[in-house]
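Undergrad: For reference, the structure I am asking about is given below.
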Amino acid sequence: MRISSIIMPLAALLFGIVGYNLRVLEHRDVFDSVTGLPMRGAMTTQMLFALTALFIVVTFLFVLFAILRNNSSRKFGLAYGTDKLYYPFVVTVFGIAWAVGTLLYFFELNSRYDALGVLDIIFLISSGISACSVTVFAYEIFGETERKTPYRLSVIPILFMCFWLVLVYRDNASNPVLLGYVYLILAVVFATLSFYCMACSVYGKSVPGKAIISYFSTIYFCMITLADGHSVGINIILVAIIALCLFYAWKLIGHMEKKH
């Protein structure tokens, strides 16, 4: 599975890049500049739907092939590799990017409003804590002694993503144009599932098939969401999550072994 571990995550990223460009065209040509309403039956929108359908089919076929022919360890260290130097270093880079995105988003909110709302403050704090947790987790998970710290750290990003989903609903509850924010919702939902599947491995209950689907879907939908005109800080957080999912998908698929 070592070749597939490189090709398939990159394929998910390629799908996402194509989806990103279609989404850019959709914002330019489909949504009315005055009302914000989309044109009914627009070709660009249909192409993006078709691309998403193709992505889903390819992802499920690959996962079916991988699960039927390969095994994955139920333990995190064996399922994702046991490299105590390379793994933490790479994840630290992504964690720093996440933290930088959170800081930039704070400055953007601070310049936009006279006073930050309570929910925005909670979002910023929980995002910063999540950025730290994914970094510290990468070091703690390979500790020589059995500690509870990795278990606790693996849950923090899940809680943050759930809270983010609540904020997305709050910001769009009165928005009648579902097409305008549906990809952000899907991106946050699958990111939540990605961190959940990773936490399952930490607790010795690995779900490799669901994990791969979640990682690939997070990559795809986060890439499309980058075209939605969010703030720079939010986009950097999304890029950090994409990078984490690419890395975890590569490690998970690469360490699957053929069934005997």
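Undergrad: In region 11-41, which residues are more than 15 Å from L178 (Cα to Cα), of a type in the set (A, V, I, L, M) and in contact (Cβ under 8 Å) with a residue 12 or more places away in the chain?
TA: Once the filter is applied, which keeps residues that are more than 15 Å from L178 (Cα to Cα), of a type in the set (A, V, I, L, M) and in contact (Cβ under 8 Å) with a residue 12 or more places away in the chain, region 11-41 yields A11, A12, L13, I17, V18, L22, V24, L25.
Residue-wise test of (1) more than 30 Å from Y151 (Cβ to Cβ); (2) of a type in the set (S, T, Y); (3) in a loop (DSSP other than H, G, I, E, B).
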| residue | (1), (2), (3) |
| --- | --- |
| Y169 | no, yes, no |
| N175 | yes, no, yes |
| T192 | no, yes, no |
| S201 | no, yes, no |
| S214 | no, yes, no |
| M223 | yes, no, no |
| H230 | yes, no, yes |
| F247 | no, no, no |
| L252 | no, no, no |
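Undergrad: Please state which one of I129, I156, I219, I121 is in contact (Cβ under 8 Å) with a residue 60 or more places away in the chain and either closer than 23 Å to L103 by Cα or outside any helix (DSSP H, G or I) (or both). Talk me through it step by step, then tell me what you get.
TA: Values: I129 fails: in contact (Cβ under 8 Å) with a residue 60 or more places away in the chain; I156 fails: in contact (Cβ under 8 Å) with a residue 60 or more places away in the chain; I121 fails: in contact (Cβ under 8 Å) with a residue 60 or more places away in the chain.
Exactly one residue qualifies, and that residue is I219.
Undergrad: Separate question: For region 96-108, indicate whether the set of residues that are surrounded by fewer than 17 Cβ atoms within 10 Å (Cβ to Cβ), touching a residue at least 12 places away in the same chain (Cβ under 8 Å), assigned to a helix (DSSP H, G or I) and of a type in the set (V, I, T) is non-empty.
TA: Yes, there is a match, as at least one residue in region 96-108 is surrounded by fewer than 17 Cβ atoms within 10 Å (Cβ to Cβ), touching a residue at least 12 places away in the same chain (Cβ under 8 Å), assigned to a helix (DSSP H, G or I) and of a type in the set (V, I, T).
Matching residues to (1) part of a loop (DSSP other than H, G, I, E, B); (2) under 22 Å from the mean Cα position of the chain (by Cα); (3) of a type in the set (V, I, T):
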residue	(1), (2), (3)
R28	no, no, no
T35	yes, no, yes
A50	no, yes, no
L54	no, yes, no
F62	no, yes, no
D83	yes, no, no
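Undergrad: For region 200-212, which positions are under 15 Å from the mean Cα position of the chain (by Cα) and surrounded by fewer than 21 Cβ atoms within 10 Å (Cβ to Cβ)? Even if it seems obvious, please write down each step before you answer.
TA: First, the residues of region 200-212 that are under 15 Å from the mean Cα position of the chain (by Cα): 210-212.
Answer for region 200-212, where residues must be under 15 Å from the mean Cα position of the chain (by Cα) and surrounded by fewer than 21 Cβ atoms within 10 Å (Cβ to Cβ): just K210.
Undergrad: A follow-up question, please. Starting from region 62-89, keep only residues that are free of Cβ contacts under 8 Å to residues at least 60 places away in the same chain, then list their pairs with residues that are surrounded by 13 or more Cβ atoms within 10 Å (Cβ to Cβ) whose Cβ atoms are within a distance under 7 Å, requiring at least 6 positions of separation or different chains.
TA: Correct list of pairs: K84/F142; P88/A138; P88/Y139.
Undergrad: Quick check on my filter: what residues within region 12-23 are farther than 16 Å from S214 by Cβ and of a type outside the set (F, W, Y)?
TA: Result: L14, I17, V18, G19, N21, L22, R23.
Values quoted throughout were computed directly from the atomic coordinates according to the rules given, and no laboratory measurement underlies them. Only a predicted model underlies this, so the values are computations on that prediction, with no experimental measurement involved. Quick reminder, even Gly has a Cβ in these numbers, built from the backbone with ideal geometry, and neighbours come from all protein chains shown.
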